[in-house]
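Note sheet for the following structure.
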Amino acid sequence: MSNPTPQPAPPSRALRWAVAGSVVVMIAAGGLFYYASQLAAAKRQINHNEIAVTIHGHACEPNALTVPAGRASFRIINRSDRAVEWEILDGVLVVEERENIAPGLSQVINANLLPGDYAITCGLLSNPRGTLHVTPTAESDAQAKAKPSMVAFIGPLSEFRVYLSSQGTALVKAVTALQQAIDAGDLAQAQALYVPAREAYQRLAPASQRLAELDNAINARADYFEKREQDPSFSGFHRLEYSLFQQRSLDSLGPIAQRLVTDVTALKQQLLAQSLPPEQLVGIVVRNLNSLADVRAASGEEERYSHIDVNGFAANLQAARKVVDLMRPLLTKSAADLLPGIDSALNAFDAELNGLKVDGHYRRYDSITADQRKQIADKAKALAVALDGIDPALGLSGLK
Amino acid sequence: MKKSTLALSLLMTLSPLAAFAATAPLDLVGPVSDYKIYVTEEIGELVTQTQAFTDAVKKGDLATAKKLYAPTRVHYESIEPIAELFSDLDASIDSRVDDHEKGVKADDFTGFHRIEYTLFSENTTQGLDALADGLNKDVKDLQDRVAGLTFPPEKVVGGAAALLEEVAATKISGEEDRYSHTDLYDFQGNIDGAKKIVDLFRGQIEKQDKAFLAKVDKNFAAVDKILAKYKTKDGGFETYDKVKENDRKALVGPVNTLAEDLSTLRGKLGLN
């Protein structure tokens with residue numbers, strides 16, 4: 001009955017799983033070990049590549065450094081008797097810094113450096129500045145030629161959003177002042193304040209025109225309404241303009257002015273809530289300039305009652321210049337050959353509009369000849385064409 | 001071969017990065033621009049209050065000048081990540097005596113701490129006219145330059161850690177405002193400035209690492225709680241010599257942990 005030689009029991013299901021599990025754990029451990037050793041190797045690599053700089057009482061050693069472009073690690077050893085700082089400067093701007101390095105201790109500064117010459121703040125402010133010469137590498141040359149990545153646009157797009165915020169605030173303020181003059185029954189003052197309010201709007205117009213419905217409430221001309229000026233739906237800036245400059249009356253303008261204040265306040269909020277992809281930053285300015293060149297310059301239809309069209313064109317130009325300035329560092333890096341053409345187009349348009357100033361004020365548009373209007377249109381078109389080159393040159397539409 | 005593929009796939013599941021989608025660069029535009037708006041407002045306050053402070057100095061109103069010194073500086077301390085990008089102005093506005101070989105007598109020792117020395121150590125406003133004018137001019141210059149600066153996103157995000165490092169290095173020791181002992185104002189300014197950055201990027205950080213955010217919040221709260229003990233009724237702070245030894249020690253842990261944790265923020269948001 002009994003079986004003297006115990007047979008090896010067939011491995012239980014649980015045991016089989018346990019074995020399989022331990023194999024997995026072993027592989028995982030192996031993987032982790034590999035991962036950790038790679039990490040340690042990477043860390044050693046950083047240590048190995050560190051450039052040691054010693055701060056003495058009156059100077060750094062070495063005080064003149066030359067490194068290849070890319071990532072560099074500096075170990076700053078403070079051998080002076082005070083807590084001091086070490087900074088890499090591009091002009092007066094700090095590229096990287098370490099403050100309060102305690103006497104006798106050292107700290108590491110990691111920097112990702114572009115080719116060029118930098119100055120070094122070295123301990124006491126009276127100590128001589130050091131120099132850092134960063135030489136180009138094959139990689140940095142390739143990067144310089146490469147199209148920018150999406151990360152490179154965070155700065156310019158953020159700055160444009162700041163512009164929308166500050167110009168939005170200026171618009172609300174200007175429209176509120178206009179509304180108060182209307183409420184106070186002061187026609188001359190209301191006529192005067194219409195101008196800065198329109199300029200403020202035109203500085204935002206390229207972005208504002210993406211918000212179709214709200215923008216219509218603010219900026220639609222009488223032509224868009226069935227009964228034109230007499231249409232009860234006609235409101236916004238041009239409805240005010242019609243009464244202020246054509247009828248020279250403030251009758252029943254109160255509610256229209258009040259609604260405009262509400263609408264431009266909403267406009268500011270919606271502009272800040274929008275996400276603007278890089279290709280749109282240039283695209284909205286190009287569209288705005290094209291509408292100027294193709295329609296508004298010749299017709300003078302935009303400010304047909306007040307004839308302050310040139311003020312609006314100049315404000316549109318300011319918006320275009322803002323966008324060019326924001327893109328300038330990227331253009332300089334990756335499409336420098338476009339810049340002379342863009343700058344000369346900006347300046348030519350600017351000069352054209354400036355030529356229409358008398359005693360510091362732009363002339364009324366009804367005094368501008370057809371030939372002058374054509375000049376304005378041509379200059380705006382030339383600028384739009386120059387700006388259109390940015391998208392393909394920087395690869396805006398295919399950004400990752 | 002098979003083993004290494006398996007190890008690799010295991011690695012990928014084990015790697016914490018693989019579990020989350022990276023932050024899209026365009027998602028950082030809102031917070032970076034909101035940070036510039038915040039900095040712009042703070043500099044506006046700095047300019048206005050520096051005018052009032054230096055007016056008091058020039059009028060010889062020692063009591064008012066002393067009272068305005070700390071609340072004015074706070075607006076510099078809260079935006080240091082940006083302010084100190086301009087090395088020349090940072091030196092002329094905020095350098096400490098240690099930065100100058102000849103100490104308080106150095107001709108180029110100017111700005112808040114030089115004025116602080118005369119007001120609190122020499123107890124007078126005499127001889128400060130030129131320094132007061134210089135400080136006013138410098139903060140206005142800073143305002144102009146910041147307005148024209150496209151904020152580098154990595155400096156904005158890295159600024160949270162920079163502020164905490166500043167606290168760790170100079171505030172806990174009480175060396176920043178060594179004549180006036182108003183260090184707690186600056187301390188709070190640095191902390192508020194860092195918290196602002198975390199708050200602006202909260203949504204993006206949360207997507208990457210919720211536990212991290214909870215830990216950071218906890219440490220900020222710990223620091224705030226200790227600082228709150230020393231708040232005075234007028235909204236200001238006690239002098240730093242009043243801060244008890246055990247509170248100084250209790251600040252070290254959370255401040256150092258915050259500095260360390262926040263230094264990973266750039267990486268978390270894809271800005272390294």
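The values are calculated or read from the model by the stated rules, or taken from the named source; none is laboratory data. These figures come from a predicted structure and were not determined experimentally. So basically every Cβ, Gly included, is an ideal-geometry build from the backbone, and we count neighbours across all protein chains shown.
With the requirement that a residue be part of a loop (DSSP other than H, G, I, E, B) and surrounded by 15 or more Cβ atoms within 10 Å (Cβ to Cβ), what does the stretch A:44-78 give you?
A:50, A:56, A:59, A:63, A:69
Wholly within the stretch B:38-126, which helices (runs of 4 or more DSSP H) include no fewer than the required count, namely at least 1 residues that are closer than 29 Å to residue A:127 by Cβ, of a type in the set (Lys, Arg) and modelled with pLDDT of 95 or more?
B:62-77, B:112-116
Restricting attention to the stretch B:144-165, report how many residues are in a helix (DSSP H, G or I) and over 17 Å from the mean Cα position of the chain (by Cα).
3
When both residues are 6+ apart or on different chains and their Cβ atoms are under 6 Å apart, which pairs have a first residue that lies in the stretch B:191-218 and is on the phi < 0 side of the Ramachandran plot, and a second that is surrounded by fewer than 16 Cβ atoms within 10 Å (Cβ to Cβ) and of a type in the set (Asp, Glu)?
Correct list of pairs: B:213/B:206.
What is the residue count in the stretch A:65-95 for residues that are more than 14 Å from every other protein chain (Cβ to nearest Cβ) and either more than 22 Å from residue B:91 (Cβ to Cβ) or among the basic types (Lys, Arg) (or both)?
Of the residues in the stretch A:65-95, 8 are more than 14 Å from every other protein chain (Cβ to nearest Cβ) and either more than 22 Å from residue B:91 (Cβ to Cβ) or among the basic types (Lys, Arg) (or both).
When you scan the stretch A:328-357, how many residues do you find that are modelled with pLDDT of 95 or more and among the β-branched types (Val, Ile, Thr)?
Matching residues across the stretch A:328-357 total 1.
Give the number of residues within the stretch A:130-154 that are free of Cβ contacts under 8 Å to residues at least 12 places away in the same chain and either within 11 Å of chain B (Cβ to nearest Cβ) or of a type outside the set (A, V, I, L, M) (or both).
4
From the list B:194, B:168, B:211, exactly one residue is over 19 Å from the mean Cα position of the chain (by Cα) and in a helix (DSSP H, G or I). Which is it?
Numbers: B:194 fails: over 19 Å from the mean Cα position of the chain (by Cα); B:168 fails: over 19 Å from the mean Cα position of the chain (by Cα).
The conditions single out B:211.
Among residues belonging to the stretch A:96-121 that are of a type in the set (Ser, Thr, Tyr) and more than 11 Å from every other protein chain (Cβ to nearest Cβ), point out the one that is nearest to residue B:98 (Cα to Cα).
Restricting to residues being of a type in the set (Ser, Thr, Tyr) and more than 11 Å from every other protein chain (Cβ to nearest Cβ), the top hit is A:106.
Output the residues belonging to the stretch B:236-246 that are part of a loop (DSSP other than H, G, I, E, B) and in contact (Cβ under 8 Å) with a residue 24 or more places away in the chain. Even if it seems obvious, please write down each step before you answer.
Residues of the stretch B:236-246 that are part of a loop (DSSP other than H, G, I, E, B), as a first pass: B:236, B:238-239, B:243-244.
Of everything in the stretch B:236-246, those that are part of a loop (DSSP other than H, G, I, E, B) and in contact (Cβ under 8 Å) with a residue 24 or more places away in the chain turn out to be B:236, B:238, B:239, B:243.
Yes or no: residue B:144 surrounded by fewer than 17 Cβ atoms within 10 Å (Cβ to Cβ) and either in contact with a Cys (Cβ under 8 Å, 6 or more places away or on another chain) or within 11 Å of chain A (Cβ to nearest Cβ) (or both)? Lay out the reasoning, then the answer.
Working: surrounded by fewer than 17 Cβ atoms within 10 Å (Cβ to Cβ): yes; either in contact with a Cys (Cβ under 8 Å, 6 or more places away or on another chain) or within 11 Å of chain A (Cβ to nearest Cβ) (or both): no.
No.
Provide a single number: the residues in the stretch B:99-138 that are free of Cβ contacts under 8 Å to residues at least 40 places away in the same chain and within 14 Å of another protein chain (Cβ to nearest Cβ).
Final tally of qualifying residues: 14.
Filter the stretch A:267-297 down to the residues that are part of a helix (DSSP H, G or I), within 14 Å of another protein chain (Cβ to nearest Cβ), touching a residue at least 12 places away in the same chain (Cβ under 8 Å) and aliphatic (A, V, I, L, M) and list them by number.
Residues satisfying the conditions are A:271, A:272, A:281.
To keep it simple, each residue is scored yes or no on (1) of a type in the set (Asp, Glu); (2) surrounded by fewer than 15 Cβ atoms within 10 Å (Cβ to Cβ).
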site	(1), (2)
B:74	no, no
B:83	no, no
B:92	no, no
B:100	no, no
B:105	no, yes
B:133	yes, yes
B:140	no, no
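So which of A:214, A:244 is farther than 23 Å from residue A:317 by Cβ and more than 29 Å from the chain's Cα centre (by Cα)?
A:244
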